[in-house]
Amino acid sequence: MRSRAALIVVLAGLAAACGGDDGNGVTGPSNTPFTQTVTGTVSTFGWTRHPLTTARAGQLTVRLTWNSGADLDLYLTPTSCTDPYMPSCTFLARSDAVSGTSEQVQRTVTAGESFSVFVDNFSSGPQSYSLLVTIQ
């Protein structure tokens with residue numbers, strides 16, 4: 001049975017930044033990169049879902065890292081996707097290399113968009129990991 005444990009990744013509002021223009025007529029916090037790290041554990045041959053809401057517009061990068069030779073994959077989906085193996089689940093971005101200890105997905109986002117981030121474990125043991133979420 002797939003792990004249904006969910007750690008919430010909510011990108012909360014940024015602290016007010018000093019004015020300025022990003023060159024696109026946008027002022028304030030959008031000039032300040034957002035960074036958040038979330039840690040978790042995914043069960044043997046399981047997956048973990050992290051809800052994510054963007055606090056600002058920009059280039060979203062989600063980087064998954066772990067310390068062992070496990071095979072973890074990373075998926076970015078609409079929030080309507082609650083199980084990455086359902087036929088109705090659409091991947092907006094995915095990273096599923098067979099070797100290494102990191103995966104990364106990117107997508108241009110607007111403030112307030114919501115997604116699900118899935119960490120999928122294709123290994124025969126639970127695996128701890130870290131997700132680094134940035135928006136620039």
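Where a number appears in this text, it was derived from the coordinates with a stated rule and is not lab data. Just so it is clear, the model here is predicted, and its values are computed rather than measured. Counting neighbours? That spans all protein chains shown, and the Cβs are built from the backbone with ideal geometry, glycine included.
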Open item on the list: Per residue of the range 32-47, what does 6.51 cos²θ - 1.76 cosθ + 1.60 with θ = phi - 60° give for ³J(HN,Hα)? Whole Hz please, x for Gly and Pro, Karplus curve as stated.
Closed with: 9, x, 9, 9, 8, 10, 10, 10, x, 9, 10, 6, 4, 6, x, 9
Task: Under 14 Å, Cβ to Cβ, from residue 133 - net charge with Lys/Arg +1 and Asp/Glu -1 - done: +1
Open item on the list: Check which residues have an amide H placed less than 5 Å from residue 111's amide H, if you skip close sequence neighbours.
Closed with: 57
TODO: Report the net charge of residues surrounding residue 92, where surrounding means a beta-carbon distance below 13 angstrom and charges are Lys +1, Arg +1, Asp -1, Glu -1.
DONE: +1
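If you add up the charges near residue 103, with Lys and Arg at +1 and Asp and Glu at -1, over every other residue whose beta carbon is less than 11 angstrom from its beta carbon, what do you get?
Working: positive: 63, 94; negative: 71, 73, 96, 120.
Value of the local net charge: -2.
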Open item on the list: Can you order the peptides 129-135, 32-38 by their average number of other Cβ atoms within 10 Å per residue, highest first?
Closed with: 129-135, 32-38
Open item on the list: Starting from the 7 Å offset along Cα-to-Cβ, what nm value, one decimal, do you get for the label separation of residue 67 and residue 94?
Closed with: 3.0 nm
TODO: Apply the Karplus parameterisation 6.51 cos²θ - 1.76 cosθ + 1.60, with θ equal to phi minus 60°, to every residue of the range 100-108 and state each ³J(HN,Hα) to the nearest whole Hz, in sequence, with x for glycine and proline.
DONE: x, 10, 7, 9, 8, 10, 9, 6, 6
TODO: Quick one: what are the phi-derived ³J(HN,Hα) couplings along the range 122-136, Karplus 6.51/-1.76/1.60 with θ = phi - 60°, whole Hz, x for glycine and proline?
DONE: 9, 10, 8, x, x, 9, 7, 8, 10, 10, 9, 9, 10, 9, 10
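What ranking do 85-93, 58-66 get when scored by the average of other Cβ atoms within 10 Å per residue, highest first? Each step should come with its number before you reach the end.
Details: 85-93: 11.6, 58-66: 19.3.
Sorting 85-93, 58-66 by mean packing, highest first, produces 58-66, 85-93.
If you take the square roots of the eigenvalues of the alpha-carbon gyration tensor of the range 52-113 and sort them as a ≥ b ≥ c, do you get rounded (a/c under 1.5), prolate (a/b over b/c) or oblate? Don't skip to the end; give the middle numbers.
On the way: a/c = 2.61, a/b = 1.34, b/c = 1.94.
Judged from the Cα gyration tensor, the range 52-113 comes out oblate (a/c at least 1.5, b/c at or above a/b).
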- [ ] Give the long-range amide H neighbours of residue 71: residues separated by 5 or more places, or on another chain, with amide H under 5 Å away, using H modelled in the peptide plane at 1.01 Å from N.
- [x] 122, 123
